[in-house]
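First the structure, in the form of structure tokens, and then the observations on it.
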Amino acid sequence: GNLVLLEGFAQFIRNSTSKNTRLVLIDREVYGDNPKAKRWIAQAGIENHVIWLKPSRPTGFTRNELVDIYSLCDVVADQFGDSGGFGCIALEACACARPVVTRIDETIASRLYPWHPLLNTATPAEIAAQFEDLQRHPETLAEKGAQGRRWIEQFHSHEVAGPLYAARLHQVADTASQ
């Protein structure tokens, strides 16, 4: 899914009037796609708009360091593969009140949540359009970030998630014992 993001960002850059826009990526040796991504970025001519952050340790950035990085970004992008799910990056970015552009399976999401703040995109053109909209409308950027924070508090806080997980585990145990 990384190529989908890179193509979307490249389209956004080509259409953007801002010269200060940057895509921040993590440069870790364990990510096998990074050399390919760097070649693609150079071929697309957007290397001046990409910042590679290299962690000081092979294990990568700590959770607190990543939270600091998310907090410095206007928008966080995550998970553009076929799974349609989201991971810790989306949750942490929402907790930092940052809008998250991602690919999510709305059918699965609707079974888990009555609402979510994630900006669903599947194609490079959709990613570019989301970035353009957020850049053009700073009030939407702030609103989507605030919605993400509310969503985390409503569905992923310790107070909510603990009892929910306990109930689900009891359901699984009851089903397994039948």
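Can you report the number of residues in the stretch 40-70 which are among the basic types (Lys, Arg) and farther than 24 Å from residue 4 by Cα?
Going through the stretch 40-70 one residue at a time, the tally reaches 2.
Would you be able to say whether some residue in the stretch 130-148 is touching a strand residue (DSSP E or B) at 6+ places or on another chain (Cβ under 6 Å) and modelled with pLDDT of 90 or more?
Checked against the condition, which is being touching a strand residue (DSSP E or B) at 6+ places or on another chain (Cβ under 6 Å) and modelled with pLDDT of 90 or more, the stretch 130-148 yields at least one hit.
Restricting the search to the stretch 115-158, which residues are out of contact with any Phe, Trp or Tyr (no Cβ under 8 Å at 6 or more places or on another chain) and acidic (Asp, Glu)?
Correct list: 126, 133, 139, 143, 153.
What about residue 122, is it small (Gly, Ala, Ser), in a helix (DSSP H, G or I) and either touching a residue at least 24 places away in the same chain (Cβ under 8 Å) or crowded, with 19+ Cβ neighbours inside 10 Å (or both)?
Taking the combined requirement at face value, the residue does not satisfy it.
When you go through 82, 78, 74 one by one, which is the residue that is among the charged types (D, E, K, R) and open to solvent by less than 30 Å² (accessible area, probe 1.4 Å)?
78
Can you work out which of the residues in the stretch 133-167 that are among the hydroxyl-bearing types (Ser, Thr, Tyr) and part of a helix (DSSP H, G or I) is surrounded by the most Cβ atoms within 10 Å (Cβ to Cβ)?
Filtering the stretch 133-167 for residues that are among the hydroxyl-bearing types (Ser, Thr, Tyr) and part of a helix (DSSP H, G or I), the one surrounded by the most Cβ atoms within 10 Å (Cβ to Cβ) comes out as 140.
For the stretch 23-70, give me each residue that is closer than 22 Å to residue 94 by Cα and in a helix (DSSP H, G or I).
Hits for the stretch 23-70 are 63, 64, 65, 66, 67, 68, 69, 70.
Could we say that residue 102 is of a type outside the set (Phe, Trp, Tyr), touching a residue at least 60 places away in the same chain (Cβ under 8 Å), buried (at least 20 other Cβ atoms within 10 Å of the Cβ) and touching a strand residue (DSSP E or B) at 6+ places or on another chain (Cβ under 8 Å) here?
Criteria not met by residue 102.
Mind listing whichever residues of the stretch 11-22 are part of a helix (DSSP H, G or I) and among the basic types (Lys, Arg)?
Residue satisfying the conditions is 14 alone.
The values are calculated or read from the model by the stated rules, or taken from the named source; none is laboratory data. The model shown is predicted, which means the values in this text are computed figures rather than measured ones. Here the Cβ is made from the backbone with ideal geometry for all residues, glycine too, and neighbour counts use every protein chain on show. Remember, those area values only see protein heavy atoms, side chains included, never the ligands or the DNA or RNA. Shrake-Rupley method; radii C 1.70, N 1.55, O 1.52, S 1.80 Å.
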